[in-house]
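Here's the structure, in structure tokens; my notes come after.
The values are calculated or read from the model by the stated rules, or taken from the named source; none is laboratory data. This one's a predicted model, so the numbers in the text were calculated from it and none came from an experiment. Neighbour counts run over all protein chains shown; Cβ positions are idealised from the backbone, glycine included.
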Amino acid sequence: MPSRLMYRVPAGFTPNIGLQRLLVQTLLRRVQEQIARPAGINPGSRLPEPEQMWLALTRLERQIAQALPDLAPAVEQAKFNLGAQLPEASQRRPSEVKNPLTPPEGTFLERVEAAEKNPDVETRDRILVSTVMNASPKEDIETVINAANKIADSRSRTQLLNWFYFTRTQSEITGGDLVRARSVAAKVEELDQRGFLYVRIAEESLKQNVDQTQAREILEEVVDAAAKAPVTLVSARTQLNVAYLYSKFDSARAIVILSDAIKTINRLESPDFSRQFVLRRIEGKTFGIFAMFPIPGFNPENAMKEIAKSDFDGTLYQASNFKNKPLRALTTLAVIEPCLKVSRRNLKGTRRTR
């Protein structure tokens, strides 16, 4: 605490009132233990234990009043008793970080100015983070960057800027400004994620340009970035995407990039291409914000099936280079599947003739 994670509630999910009651009762018991025997503060944690308990009770207060009204008085009393243990500064801090994603009021510059006037460094950083995260896609890029640079904590500042560059690039792509999108993407520090963004830009460029010159230039930047990037699922999927895009106008280059992608995949331990998101985080001393961003792309089977349309023999040979035997089998079957379908149609036609 405090942090935020986004997840999808399963269809048909029904809350279990018995488990809810057990959770609240367990939390109240922990609070009573804390009050009876105050624990020392761990300097390595973002918030001391009593403050985290206070936040938990505060965030659950409304739900408890609705679902477990008989426990509401005990929760209110526990909050009061915890508050009495906290120093004045600590009493202010939990209330200030109750919801780290709540956007401040006013224009962007007014929010930045208000944050700068706050005397507490940690609170100021939190407000600036919220302000930058809630900036409109139409807000001037340099203005937003200048606001982010006012954050005192270097780690939070770096994480926030990379978050901003990653999301703003995709906004620029959606808006059709590929030149600006490319400029912003170049500032994303994570090379594998920068490569993913470049692929998206190249894909849009191919839709707009007949001669593919700009797309080829961007794709080669992706290739260079992938060579320097850490070995991850994101970088492997990016290389597969590059190979697929090249197969549209340069099948020889597509096979070379496909070979590099397979080498990357061979270095991964138990690669799982079903996960198509990347986790981003911004962590300060008194807050933590986490979000998952989709990074859709090819898995090896689909990529090789598409690339085989421009170079069947080359793609089939590359399938044999997978070290993972199940993956080798799946990709081989994906490549030859269209041939099997043609053979079945031919056989049916022959039988009708007879």
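Please state which one of THR131, THR123, THR158 is within 24 Å of GLY288 (Cβ to Cβ) and in the same structural domain as ILE218 (by TED's automatic domain parsing).
Details: THR131 fails: in the same structural domain as ILE218 (by TED's automatic domain parsing); THR123 fails: in the same structural domain as ILE218 (by TED's automatic domain parsing).
Among THR131, THR123, THR158, only THR158 is within 24 Å of GLY288 (Cβ to Cβ) and in the same structural domain as ILE218 (by TED's automatic domain parsing).
Are any residues in the range 187-202 farther than 10 Å from ALA226 by Cα and part of a helix (DSSP H, G or I), and if so, which ones? Before you say what the answer is, go through the steps one by one.
If we filter the range 187-202 for residues that are farther than 10 Å from ALA226 by Cα, which is where we start, we get 187-190, 197-202.
Within the range 187-202, LEU197, TYR198, VAL199, ARG200, ILE201, ALA202 qualify.
Can you tell which of ARG328, ARG267 is more than 17 Å from ALA243 (Cα to Cα), in contact with a Phe, Trp or Tyr (Cβ under 6 Å, 6 or more places away or on another chain) and modelled with pLDDT of 75 or more?
Among ARG328, ARG267, only ARG328 is more than 17 Å from ALA243 (Cα to Cα), in contact with a Phe, Trp or Tyr (Cβ under 6 Å, 6 or more places away or on another chain) and modelled with pLDDT of 75 or more.
List the number of the failed condition for ALA261; all other conditions in (1) modelled with pLDDT under 90; (2) under 20 Å from GLU221 (Cβ atoms) hold.
With (1) modelled with pLDDT under 90; (2) under 20 Å from GLU221 (Cβ atoms) applied to ALA261, the lone miss is (1).
Just need a number here: residues in the range 245-258 that are in a loop (DSSP other than H, G, I, E, B) and among the aromatic types (Phe, Trp, Tyr).
Summing the residues that are in a loop (DSSP other than H, G, I, E, B) and among the aromatic types (Phe, Trp, Tyr) in the range 245-258 gives 1.
Take LEU219 and decide whether it is in contact with a Leu (Cβ under 7 Å, 6 or more places away or on another chain), without any contact (Cβ under 8 Å) to a residue 40 or more places away in the chain and in a helix (DSSP H, G or I).
Considered against the rule, which asks whether it is in contact with a Leu (Cβ under 7 Å, 6 or more places away or on another chain), without any contact (Cβ under 8 Å) to a residue 40 or more places away in the chain and in a helix (DSSP H, G or I), LEU219 comes out as yes.
Residues are listed down the side, and each one gets a yes or a no for (1) in a helix (DSSP H, G or I); (2) in the same structural domain as SER247 (by TED's automatic domain parsing); (3) more than 24 Å from ARG253 (Cβ to Cβ):
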position: ALA291; (1), (2), (3): no, yes, yes
position: MET304; (1), (2), (3): yes, no, no
position: GLY314; (1), (2), (3): yes, no, no
position: ASN321; (1), (2), (3): no, no, no
position: PRO326; (1), (2), (3): yes, no, yes
position: THR331; (1), (2), (3): yes, no, no
position: VAL335; (1), (2), (3): yes, no, no
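Residues are listed down the side, and each one gets a yes or a no for (1) charged (D, E, K, R); (2) not in a loop (DSSP other than H, G, I, E, B):
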residue: VAL231; (1), (2): no, no
residue: ALA243; (1), (2): no, yes
residue: ILE262; (1), (2): no, yes
residue: LYS285; (1), (2): yes, no
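Identify all residues within the range 261-294 that are buried (at least 20 other Cβ atoms within 10 Å of the Cβ), among the β-branched types (Val, Ile, Thr) and either free of Cβ contacts under 8 Å to residues at least 12 places away in the same chain or over 30 Å from GLU51 (Cβ atoms) (or both); write none if there are none.
Of everything in the range 261-294, those that are buried (at least 20 other Cβ atoms within 10 Å of the Cβ), among the β-branched types (Val, Ile, Thr) and either free of Cβ contacts under 8 Å to residues at least 12 places away in the same chain or over 30 Å from GLU51 (Cβ atoms) (or both) turn out to be ILE262, THR264, ILE265.
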